[in-house]
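Below is one structure, written out as structure tokens, with a few remarks after it.
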Amino acid sequence: MSRDGTCQGSRRRLLKAITAGSVGGLVGVAGCVGDPEQAGADDDGEFDTVQFGVLEPFTGEFSDLAEERHQGTELAIQQINESDEYDFTIEYEEYDTQLDPATATQRAEQAVQSDGAQFITGCISSSSALAINDFALENEVVYTPGAADVSITGSECNEYVFRFETNTAQIAEAMAQWTADELGDRIFYHIADYAYGDSVLEEVETRMESISDSYERVDVTRSDPGSTDFEAFISQISNASDEADALVVGMTGADLAIFLSQASARGLQDEIPIVTTTASFRAVRAGAGEGAYNVYSGVRYIPGIETGDNEAFVDAYQDEYDDVPDNFSRVGYESIRMVANGIREAGSNDPTTVRETLSGMEHDTIFGPNEFRACDQQAVNPVWMGECVEPDEGELADVELLTDLSGEGAIPDCEETGCEL
């Protein structure tokens with residue numbers, strides 16, 4: 001399925017099924033994802049192709065982040081298809097989810113039921129990703145989301161969902177510790193009013209309460225996703241700045257960039273320290289311009305980290321796109337690589353067989369040895385705390401790392417996640 005929503009490739013699969021000359025082949029075309037005829041396997045279970053559906057919000061407020069993630073996805077697919085280490089190639093189609101859960105589900109249905117996708121990846125919006133979580137279970141396809149809401153691999157987890165994106169709980173662990181130590185424990189929150197914003201509020205607050213007996217939630221303001229005027233919220237925060245030690249902002253993408261730009265124009269950073277979950281994202285820093293200066297942020301990834309095979313990834317990404325990767329680039333990249341490793345290890349492109357192999361399997365990644373841990377299938381990623389600072393040249397803020405936390409130190413204990421697999 002191309003981004004414009006037109007079907008591609010289904011005729012080829014129909015002809016393969018008809019050529020096979022069996023009722024089972026025709027049933028496979030109707031949507032039996034694991035069927036060998038649809039999956040491109042022969043009678044001995046051997047296969048030479050794997051079909052992916054790539055679901056991203058290519059239009060809307062997260063389009064820059066979507067394109068960034070898509071480039072990481074494409075790079076991984078290109079490397080796998082050119083490598084002698086894999087005896088299969090990956091085919092894929094792109095689908096525009098438009099930041100809407102209903103549209104995301106429709107596109108997933110098209111990918112799996114019309115185009116024969118056995119594996120799906122993407123959806124930066126947490127609300128859309130949660131919708132695809134349910135779809136993946138119902139249709140028994142492996143799904144690697146690009147969103148950070150904790151419940152994706154927490155209370156809403158299922159055995160077909162594997163996440164390389166660092167979740168909000170992991171970032172909140174680094175943010176809460178640093179904020180309590182360096183700024184204080186009286187917190188004003190501003191969040192986007194959807195699943196991700198709620199997750200930031202819950203995860204940061206839970207950790208602040210466990211760190212400090214004197215923790216105080218000063219207030220919470222909420223803005224609709226896609227908002228462009230934050231003046232009223234900034235005024236409310238400014239009026240309460242004497243009562244709070246820090247403002248924690250739970251937004252991302254264009255929403256956060258606009259908020260930071262408008263907050264800077266009002267001089268809010270001079271009244272209260274601003275701590276965010278995603279201001280370290282390059283797209284946010286670019287959109288906010290000088291508004292990102294002196295803003296603190298949890299950090300999931302920057303290209304300068306010296307871990308695993310990150311240097312090789314950065315070099316390959318620069319060679320391909322004449323640009324440096326950022327957070328969502330590495331999410332797309334490793335989501336594909338780790339699933340491909342699971343397919344290779346399983347010796348099968350059947351999603352059920354692959355998900356059984358992937359769970360708890362160790363991989364060499366840009367972060368070093370890593371895994372989708374068996375209890376919730378969340379990657380065990382390191383995190384950092386950083387500050388966006390004025391650069392020596394140009395306008396784009398640099399990210400200066402302040403602290404780091406290991407993957408094991410950042411991820412919640414299995415019994416705390418709410419996931420039951």
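Results for (1) modelled with pLDDT of 95 or more; (2) closer than 17 Å to residue 255 by Cα; (3) surrounded by fewer than 18 Cβ atoms within 10 Å (Cβ to Cβ), shown as yes or no for each residue.
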{"site": "170", "(1), (2), (3)": "yes, no, no"}
{"site": "185", "(1), (2), (3)": "yes, no, no"}
{"site": "199", "(1), (2), (3)": "no, yes, no"}
{"site": "206", "(1), (2), (3)": "yes, no, yes"}
{"site": "209", "(1), (2), (3)": "yes, no, yes"}
{"site": "219", "(1), (2), (3)": "yes, no, yes"}
{"site": "222", "(1), (2), (3)": "yes, yes, yes"}
{"site": "232", "(1), (2), (3)": "yes, yes, yes"}
{"site": "239", "(1), (2), (3)": "yes, no, yes"}
Per the filter on segment 226-276, residues within 19 Å of residue 290 (Cβ to Cβ) and in contact with a Lys or Arg (Cβ under 6 Å, 6 or more places away or on another chain) are 234
Might you check whether a residue that is closer than 27 Å to residue 403 by Cβ and either hydrophobic (A, V, I, L, M, F, W, C) or touching a Pro at 6+ places or on another chain (Cβ under 8 Å) (or both) occurs anywhere in segment 314-322? yes
Pairing a residue in segment 162-188 that is within 19 Å of residue 371 (Cα to Cα) and in contact (Cβ under 8 Å) with a residue 12 or more places away in the chain with any residue that is open to solvent by 10 Å² or more (accessible area, probe 1.4 Å) and hydrophobic (A, V, I, L, M, F, W, C), where Cβ atoms lie under 6 Å and the two sit 6 or more apart in sequence or on different chains, gives 167/150; 168/150; 169/150; 170/411
If residue 293 passes every condition in (1) of a type outside the set (Lys, Arg); (2) touching a strand residue (DSSP E or B) at 6+ places or on another chain (Cβ under 9 Å); (3) surrounded by fewer than 18 Cβ atoms within 10 Å (Cβ to Cβ) but one, which one does it miss? (3)
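Only one of these is at pLDDT 95 or above and within 16 Å of the chain's Cα centre (by Cα): 112, 142. Name it. Can you show your working first?
Values: 112 fails: within 16 Å of the chain's Cα centre (by Cα).
Being at pLDDT 95 or above and within 16 Å of the chain's Cα centre (by Cα) holds for just one of 112, 142, which is 142.
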Which of (1) part of a helix (DSSP H, G or I); (2) closer than 19 Å to residue 272 by Cα is the odd one out, the single condition residue 220 does not satisfy? (1)
Being in a helix (DSSP H, G or I) and in contact with a Phe, Trp or Tyr (Cβ under 9 Å, 6 or more places away or on another chain) is the requirement here; does residue 339 meet it? yes
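Each row is one residue, and each column tells you yes or no for (1) surrounded by fewer than 23 Cβ atoms within 10 Å (Cβ to Cβ); (2) over 21 Å from the mean Cα position of the chain (by Cα).
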| position | (1), (2) |
| --- | --- |
| 352 | yes, yes |
| 358 | no, no |
| 366 | no, no |
| 371 | yes, no |
Test result for residue 400, open to solvent by 40 Å² or more (accessible area, probe 1.4 Å), touching a Leu at 6+ places or on another chain (Cβ under 9 Å) and not small (Gly, Ala, Ser): no
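Only one residue in 108, 195, 136 is open to solvent by less than 40 Å² (accessible area, probe 1.4 Å), within 30 Å of residue 230 (Cα to Cα), of a type in the set (A, V, I, L, M) and touching a residue at least 24 places away in the same chain (Cβ under 8 Å), so which one is that?
195
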Could you tell me which residue of segment 286-320 is nearest to the chain's Cα centre (by Cα), considering only residues that are of a type in the set (Ser, Thr, Tyr) and in a loop (DSSP other than H, G, I, E, B)? 301
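Can you tell me which residue within segment 262-285, out of those that are assigned to a helix (DSSP H, G or I) and in contact with an Asp or Glu (Cβ under 8 Å, 6 or more places away or on another chain), is most open to solvent (accessible area, probe 1.4 Å)? Lay out the reasoning, then the answer.
Quick first cut of segment 262-285, residues assigned to a helix (DSSP H, G or I) only: 262-265, 268-271, 282-285.
Those left that are additionally in contact with an Asp or Glu (Cβ under 8 Å, 6 or more places away or on another chain): 262, 264, 282-283.
On the way: 262: 49, 264: 45, 282: 76, 283: 32 Å².
My answer is 282.
Criterion first (within 20 Å of residue 338 (Cα to Cα), surrounded by 22 or more Cβ atoms within 10 Å (Cβ to Cβ) and polar (S, T, N, Q)) does residue 97 satisfy it? Spell out how you get there, then give the answer.
On the way: within 20 Å of residue 338 (Cα to Cα): no; surrounded by 22 or more Cβ atoms within 10 Å (Cβ to Cβ): yes; polar (S, T, N, Q): yes.
Criteria not met by residue 97.
The values are calculated or read from the model by the stated rules, or taken from the named source; none is laboratory data. The shown structure was predicted, so the numbers you read here are calculated from the model rather than taken from an experiment. Because the Cβ atoms are built from the backbone with ideal geometry, glycine has one as well, and the counts that use them run over all protein chains shown. Heads up: the accessible areas ignore ligands, DNA and RNA and are worked out on the full protein's heavy atoms, side chains in. Shrake-Rupley method; radii C 1.70, N 1.55, O 1.52, S 1.80 Å.
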